[in-house]
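Values in this text are rule-based calculations from the coordinates and carry no lab data. Values in this document were obtained by computation on a predicted structure and should not be read as measured data. Cβ: placed from backbone, ideal geometry, glycine included. Neighbour counts: every protein chain shown.
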Amino acid sequence: MQRSARRLPPSGRIVLAPIGFVLATACLLAACGCAGQTARMDLDSEDDALLGAMSSKDFRSACFQMAQSLIRLPQIQRASSPPTVAFTEVINNSDELLDTDALLYKIRTELIKNCGGKITFLDRDIIDQIRAERRDKDLGKVTASSDRPVYGADFFLSGRVESIRRTRGRRQTQYMRLSVRLTDTASSAIIWEDDYELKKLVVRGTYDR
Amino acid sequence: MNRRLILASVVGVAALIAAAGCEPKRGRRPAWTNPLDPMEANLLQDPNDIDYALQRMEFGRQAIRLGSYTRAKPRLTEAFEQLEVEHDATAAALSSERFKYYKGETYERAMLCTYLGIIEYQAGNYNDARIFLSRALSHDRGAVVHKNTPPEVGEDFGLAFYWIGKTYAKLGDADNAGVAFRKATTETPRKEKDAARELKEDRKEAAEYQKKRAEGEQWAYQTFTDPEKEDLFIEGVVNLAEVGGNIDEASKTLPGASPECPVLRAAEKPGEFFASAYQADCNLILTIELGRCPFKYLGGIGGERTEFGRPRNPHAIRVYVDGHAAGPAFEALDLWDQTATQDRIDEKDAAQTGKAIFKEILSHAPYAGSLAGHWDVSGDARHWMSLPGKVYLFAAKATPGPHTVRLEVFDVDGNRLPRWTNTYYGVGVPERGEACILLNPRFDGDNRLPPEQVQKAIKGGVSPGAAYAF
């Protein structure tokens, strides 16, 4: 005898249909979240998911602003010969872990790109290698194409980063200030200083703790 | 199917399995394996995993406890980096809170940053130490949510203030160092009735414990020093029922003390201890972590509310160096005070309560009622379990060389807890600079038994690994 097909009563179908829809949607959502992805981003886009005071956009903006401000200095524009500038350090007095060398190198790159030859930059990072090379040239161990002196610095470029962080519950404000200055190596006078400030408000999620 | 073929297959598979087990012996197993190795090997690798940061906090703490700061630092740093990353909390909002990305309570985040700060300080990276300790203080301030909460609640993380004071001193910032040391003495403002109730409970438990301790120690001494019971006799057992005393009567020297007292300068009062000039003179700094941290449990109508439980911890420590009294260790942090004064997040509590009420209503609805039973709206009982309950600080000026440091521990009434005495040998004080050492005194720290004596103890009726009252 053939068994008759069993069918759910109408009430059961009414309950199960939306449940099936919910389950299918949940599976689809779960599947969408499974795969990772890599994509190029614009250098100046905000890193929204990553909290923190300084983003790459701030970093680039700060360095560009400093470089533009320094190049317009009258002591640079009106100098009879390009003044020499050596980089010392950027002191991190903030509460963020920052690569201060990266800040300094980016400022240097922006200056070199935009100064139009009006400033001579000294590479003190490899001064020991330069001195060793000069000794070898003097001793005739390697060829010497010309006899130029090692330049002394007319100015030192240095900087400082400071921050203030205020917290109350889920809300936090982060203020950061990057200042850069040019100091005359003969007189110790600060002939130029500029700063870049930023302030951000961070509101943590309800389930953050 | 052919029966012979089936039998042949079974025999063949069995032979394969047997052969797989016949590997040549690789030699003796090592006498000791680093317990951090399997723990590190099992750490979650996906930074988006909800327990990624918590696992690293636990690993870091174990590494620090074993003195391996170089292994602790990278894992704690990985956890630190996740504190500032936004993670999706949809699952936690719709279901159980335990599906949220765990970043810790405010005091857990502050402890994470403090450990990193101490590691950097000990490595001489004072600016990085300052950064981490500043972040610890910033996380502590997150405990203040409501406008009528005293601001001192967010300025009472004494341990971080002390270490940032030491750091500022190293960086040559005397003003900030002085401010930080003063702030290290900030007492957590507790509601009077809560503090009074807890003190009363502690005193009652301390009295009960002392009574039981006396009975238990007497029983232990009689059981294990009877020469007629050879199978239970343990040589050298001390009757700890006769060892006690009060903190105010603590002896100035212990039996076997060195002829000369190695402590050249020590503080007896907090005002003297938390002072820049005194700290600058010290060359032996001990951070002493004691007891158990607060625990979490689920409360509310459906377990949707995360509640905090108070552990019982010892109350005071006195330090001896080479048998000479060197003064008290000063309490810098009580994690229960941090827990009890941390404001709750009202929005989260409201969301959790809302889910629980809706679930309750749904459970009475036709058809949907059975589904409601499967809807998990529970809170989150995860926490950083290996944190200490209290942290004490001891700093003194001592003669250079190796020393024996002994910690004697006392309860809330000042009665000594002999099983909490811990002795550390070979604590080195350098000719120049300072020795910064983290100590984790344990219950029965000086009473470790070798395996054969453990067997005797179990046979005699002792419960191994029984939880201590304090």
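Along its principal axes, the range B:196-460 has C-alpha extents of 83, 60, 33 angstrom, given from the largest down. Kindly state, to the nearest 0.05, the FRET efficiency for B:LYS252 paired with A:ILE127, given R0 = 60 Å and r defined as their beta-carbon distance. E(calc), rounded to 0.05, equals 0.50.
Listed by Cβ neighbour count within 10 Å, with the fewest neighbours leading, A:MET54, A:MET176 appear as A:MET54, A:MET176. Of B:THR90, B:THR339, B:THR33, the sequence from fewest to most neighbouring Cβ atoms within 10 angstrom is B:THR33, B:THR90, B:THR339. Over 26 Å apart at the Cα level, from the set A:LYS106/A:LYS199; B:LYS200/B:LYS459; A:LYS199/B:LYS103; B:LYS204/B:LYS390, are B:LYS200/B:LYS459.
Report, for the range B:196-460, the % of DSSP beta bridges that are antiparallel, rounded to 5. Roughly 90 percent of the beta bridges in the range B:196-460 run antiparallel, per DSSP.
Of the two radii for the range B:219-347, the radius of gyration is 1.13 times the Kirkwood radius, both from the alpha carbons; that is the Rg over Rh value.
If you take the square roots of the eigenvalues of the alpha-carbon gyration tensor of the protein assembly as shown and sort them as a ≥ b ≥ c, do you get rounded (a/c under 1.5), prolate (a/b over b/c) or oblate? Oblate. Within chain B, helices built from complete DSSP H runs that reach 27 Å or longer along their own axis (Cα positions) and carry a mean Kyte-Doolittle hydropathy of 1.0 or higher are B:3-21. For the segment A:158-169, counting C-beta atoms of other chains within 10 Å of every residue's C-beta and taking the mean gives 4.
Segment B:MET39..B:GLU230, full-extension length gain: 64.6 nm, with 0.36 nm per residue of separation and the alpha-carbon distance subtracted. The H on the amide N of B:LEU333, modeled in the peptide plane, is under 5 Å from the matching H of B:VAL391, each at least 5 residues off or on a different chain.
For the range A:140-174, applying the loop criterion from DSSP together with a ceiling of 15 other beta carbons within 10 Å to the chymotrypsin sites (Phe, Trp or Tyr not before Pro) yields A:TYR151.
Among B:ASP128, B:ASP37, B:ASP49, A:ASP95, a tally of other beta-carbon atoms within 10 Å of each Cβ gives an order, fewest to most, of B:ASP37, B:ASP49, B:ASP128, A:ASP95.
Inter-part distance, the range B:79-131 to the range B:312-380, computed on C-alpha centroids, equals 17 Å. Inter-chain neighbour count for B:443-455: the average number of beta-carbon atoms from partner chains within 10 Å of each residue's beta-carbon is 0. Each principal axis of the Cα cloud of chain B was evaluated for its coordinate range; sorted largest first, these ranges are 91, 68, 46 Å. Shown is the FRET efficiency for B:TYR221 and B:ASP446, computed with R0 = 25 Å from the Cβ-Cβ distance and rounded to the nearest 0.05: 0.95. Averaged over peptide A:95-102, the number of partner chain Cβ atoms lying within 10 Å of each residue's Cβ comes to 3. Once you have a ≥ b ≥ c as the square roots of the Cα gyration tensor eigenvalues for the range B:25-132, tell me rounded if a/c is under 1.5, and otherwise prolate or oblate according to whether a/b is larger than b/c. It is oblate, given that a/c is not under 1.5 and a/b is not larger than b/c. Adding -39500 (n - 2.57) for every DSSP H run of four residues or longer, then dividing by how many residues the protein assembly as shown holds, sets the calculated 222 nm ellipticity at -12500 deg cm²/dmol.
Could you tell me the calculated FRET efficiency between A:SER56 and B:ASP376, based on Cβ-Cβ distance and R0 = 56 angstrom, to the nearest 0.05? FRET efficiency, A:SER56 to B:ASP376: 0.90. Applying a DSSP loop filter and a limit of 15 other Cβ atoms within 10 Å to the chymotrypsin sites (Phe, Trp or Tyr not before Pro) in the range A:158-209 leaves nothing.
Taking a ≥ b ≥ c as the square roots of the Cα gyration tensor eigenvalues, the range B:374-470 comes out oblate, since a/c reaches at least 1.5 and a/b does not exceed b/c.
For trypsin sites (Lys or Arg not before Pro), no site in the range B:283-347 is both called loop by DSSP and has at most 11 other Cβ atoms within 10 Å. To make sure I understand the rule: partners must be lysines, Cα under 19 Å from the Cα of B:LYS397, and not fewer than 8 residues away in the same chain. Which ones qualify? Within the straight-line cut-off, B:LYS397 pairs with B:LYS166, B:LYS170, B:LYS252, B:LYS269.
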